[in-house]
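What follows is a short report on a single structure.
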Amino acid sequence: MSLQYLRPEVRQLEMKLQKFVKEYCEPAEVEYERHMETRFGKERWTRNAVPPCVGALKKKAQELGLWNLFLSTHPIPASLLNLLSPEVATKIVPSQYLSTREYGVLCELMGRSFLAPEACNCSAPDTGNMEVLLKHGTTEQQLQYLVPLLEGRIRSCFLMTEPDVASSDALNIQTKLTKVIAEDGSSVQYVLNGRKWWSTGAMDPRCEVALVLAKMDYYKLPLDSQATSASNHNGHTVVIVPMKHAGVKLIRPLTVLGFDDAPSGHAEVELSDVVLDESALVIGEGSGFLIAQSRLGPGRIHHCMRAVGLAARCYELMLQRSMTRQAFGKALCDHGGCQDMIADSAADIEASRLLTLNCAAAIDELGSHGARDKIAMIKVSVPQMTLRVVDRAVQVFGGAGLGNDFPLARALAGLRALRIADGPDAVHRRTVARLELKKAIKRSKL
């Protein structure tokens, strides 16, 4: 079976999504940018800064059955749906439950426009957080946070990276979650302290909840407590923190090669004496690595296939430009150097697409753990290959490729950032090499 094969009902969904992105999302980008051009300073992160076209696109996506399509491997359980009103339950259930590979094909289409993922309620970091809450959350957590996220009423962020350590090694995380037990043992509290940055979505005025990775701190427990220390790997814990908590402070917005991505954006966040109870823990103490990894496997398929879609759009623009511009007496596309760039770009896009869909098929068959090598491979290779495509498109466009009249500069910034987001290239190369060496050792013993 072809990696791009879709069941007939999913093929219909693909055609509908393709039309939605082309006829609604891509044209709305101009309106979006014009709206943001009239917002300055702190005003860029207010509810009034959210362009009206975003809400209109979300409404249209819901009408077309293009909502919550990411719910491929974690269907909404009947036990949760039974607690909701029929109106809400109907709204949040996707029109089709897809395999990871099938959803990957649709991600390529959504990647063509920066508006499409949010319009379909399929954008990061919300999708990863929703998958965590769906898979690991309590009923209380699901009702309070998962349901409004699935409805698209609120947004969320994931706080992991820190400014003072190399966060690519999660063992370096310094944010502390201090456990405090009342003297009479009647209650347990947790106090969160630390500083995070590159917290995508934290600046968004609609962001109401954060999932925070912290390290357990037991120094305030009695000496005879059974849990007086946390080892390197069992002390990391994920907690749910309301963004309106008095101890949560947005220090500043961060820019990616000059783009602030307002009104969503990335933030530096201070967590100062954030007091939580046991209901804030996801799974429980020491489950941080399990949770972090469970949200990253499918998420990397989403990132990479969206990158393929973005590169494909830039490639098409490059082709059009090369056929309509002339230099030295002939069209750009008739020059050997430009033809080299066209051929290399076509190969990079196809290789990226097939590598990622092959990984998605492996996740469907083996699970994220069984496909670790392929997940690491795509995270290294696909951002690099798609970045090369966009860089070539910029070169063909010349000065026009560096401005905001075309989507190339934004694409270039986003794909360069992807080589760092969710772990830098070197970390994933390390993973691939170690797994390949294990395979080699195993073969040598046969």
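The values are calculated or read from the model by the stated rules, or taken from the named source; none is laboratory data. Computed from a predicted structure; not experimentally measured. Because the Cβ atoms are built from the backbone with ideal geometry, glycine has one as well, and the counts that use them run over all protein chains shown. Keep in mind that these areas ignore ligands, DNA and RNA; they rest on the heavy atoms of the full protein, side chains included. Shrake-Rupley method; radii C 1.70, N 1.55, O 1.52, S 1.80 Å.
Observations on the structure shown:
- Translational diffusion of the range 323-446 was estimated from the Stokes-Einstein equation, with Rh taken as the Kirkwood radius over Cα pairs; at 37 °C and 0.692 mPa s the coefficient is 196 µm²/s.
- Solvent-accessible area of residue 162 with every protein chain in place, 1.4 Å probe, in Å² to the nearest 10: 10
- Theoretical gain in end-to-end length, residue 246 to residue 334 [0.36 nm per residue, Cα-Cα removed]: 25.5 nm
- Of the residues 67, 197, ranked by 1.4 Å probe accessible area with the largest first, the sequence reads 197, 67.
- Counting all C-alpha pairs of the range 116-202, share separated by more than 20 Å (%): 53
- Ligands, DNA and RNA are left out, and with a 1.4 angstrom probe the accessible area of the chain is 46 Å² per residue.
- Length gained when the stretch residue 164-residue 366 is fully extended (0.36 nm per residue, less Cα-Cα span): 69.0 nm
- The H on the amide N of residue 216, modeled in the peptide plane, is under 5 Å from the matching H of 177, 236, 237, each at least 5 residues off or on a different chain.
- Stokes-Einstein translational diffusion, the chain - Kirkwood Rh over all Cα pairs, 1.002 mPa s, 20 °C, in µm²/s: 92
- Entries in 42/374; 135/196; 60/249 that, when Cα-Cα distance is taken, lie over 32 Å: 42/374; 60/249
- Qualifying aspartates and glutamates (Cα of each under 18 Å from Cα of residue 179; at least 8 residues distant if same chain): 217, 224, 273, 277, 278, 285
- Measuring nothing but protein heavy atoms, the accessible surface of the range 27-100 at 1.4 Å probe radius is 56 percent carbon and sulfur.
- Taking all protein chains as shown and a probe of 1.4 angstrom, residue 135 keeps an accessible surface of around 110 Å².
- Kirkwood Rh and Cα Rg combined as Rg/Rh, the range 42-89: 1.13
- Of all aspartates and glutamates in the structure, those lying under 14 Å Cα to Cα from residue 439, and not within fewer than 8 positions of it along the same chain, are 373.
- Carbon and sulfur %, accessible surface of the range 364-410 computed with the full protein complex present, 1.4 Å: 49
- Within straight-line reach of residue 19, meaning a Cα separation under 15 Å, sit the following aspartates and glutamates at least 8 residues removed in sequence or on another chain: 63, 108.
- Accessible carbon and sulfur surface of the range 136-225 relative to its total accessible area, %, 1.4 Å: 47
- For peptides 314-325, 348-359, sequence by mean Cβ density within 10 Å, most packed first: 348-359, 314-325
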